[in-house]
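Engineer: The structure that follows is given in the form of structure tokens.
The numbers here are math on the coordinates, done by the rules we state, and not lab data. Small disclaimer: the values here were computed from a predicted structure and weren't measured. Cβ coordinates were reconstructed from backbone atoms using ideal geometry, including for glycine residues, and neighbour counts include every protein chain displayed.
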Amino acid sequence: MSGSLSRRDLVLAGAAFISISGRSQARTYGGAVPWTPGIADAPRGVAEGELKFFTAAEAAFVDAAVARLIPADHLGPGAKEAGVTTFLDRQLAGPYGRAERWYMQGPWQDGTKSQGYQSRLSPAELYRVAIKSIDQHCRQRFSGKTFAQLSADQQDRILTEIEKGKLKIEDIGPHAVAIEGAKGPHSDTFFAVLMQNTIEGFFSDPIYGGNRDMVGWKLIGFPGARYDYRPYVGRHGEKLDLAPVGIRGRPAWNDQQS
């Protein structure tokens, strides 16, 4: 797909997004005194299973789309295998999806890239409207097939047309959303948000449902949320080969963790 992220682009983008990974609002974990490490108020991750926001058809669309944006290849699993659809489902079912902390009143005019998200729709509404519109377009163009039922080449063609603004998605408002680490202009709000959210889900802490088995962190060599980096601060340019650690630790420490 023209303009989509290559693995090299992804590594560069990942470094920028790690610092903001996970769109869930910050939570405070504490415990009564005396506090017992690993027991009191242990952080709970996203539970796999039933969808919270997407319908089955919408989840199939997102599975197919993220698999084309960050496909699995010889370097490792892609966004679908990393659980990005689960990450998006939980984010859109929560405060981010409802844009609870955003100014969402008018006027709705075309903004600059520095002004960020300009749609009158919340992210959850944006996904719902866009997926319905794209699937309707695909049915008309490909003999009744939805986006998820198309071949990989056909899916790439549709995503490229959306990215370039050749395929318009109606009723989603003005467009001007910049994506860190991506190249070129992005004239469509939905594509920009989908791409940004896919990268976030691929590199966020596994506690949010994406980055399953820390595949994103392993790809770029990010050691994760370690409590103490002092032994490594002065080792500039040295490959450390540290196994990544998430907020809940890592699977080798606890079989119940993701």
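Engineer: I need the fraction of alpha carbon pairs in segment 102-148 separated by more than 12 Å, rounded to a whole percent.
Structural biologist: It works out to 68 percent of all Cα pairs.
Engineer: Could you go through segment 142-150 in sequence order and give the Karplus-derived ³J(HN,Hα) for each residue, using 6.51 cos²θ - 1.76 cosθ + 1.60 with θ = phi - 60°, rounded to whole Hz, and x for Gly and Pro?
Structural biologist: Per-residue couplings from phi come out as 10, 6, x, 7, 7, 4, 5, 8, 7 Hz.
Engineer: List the residues whose amide H sits under 5 Å from the amide H of GLY224, counting only those 5 or more places along or on another chain, with H placed 1.01 Å from N in the peptide plane.
Structural biologist: Correct list: VAL245.
Engineer: How do the peptides 229-240, 197-208 rank, highest first, by the average count of neighbouring beta carbon atoms within 10 Å per residue?
Structural biologist: 197-208, 229-240
Engineer: If you average 1/r across every pair of different Cα atoms in segment 72-152 and take the reciprocal, what Kirkwood value do you get, in Å? All intermediate terms of the calculation are to be shown ahead of the outcome.
Structural biologist: Working: mean 1/r = 0.0651 Å⁻¹.
Across segment 72-152, the inverse of the average 1/r is 15.4 Å.
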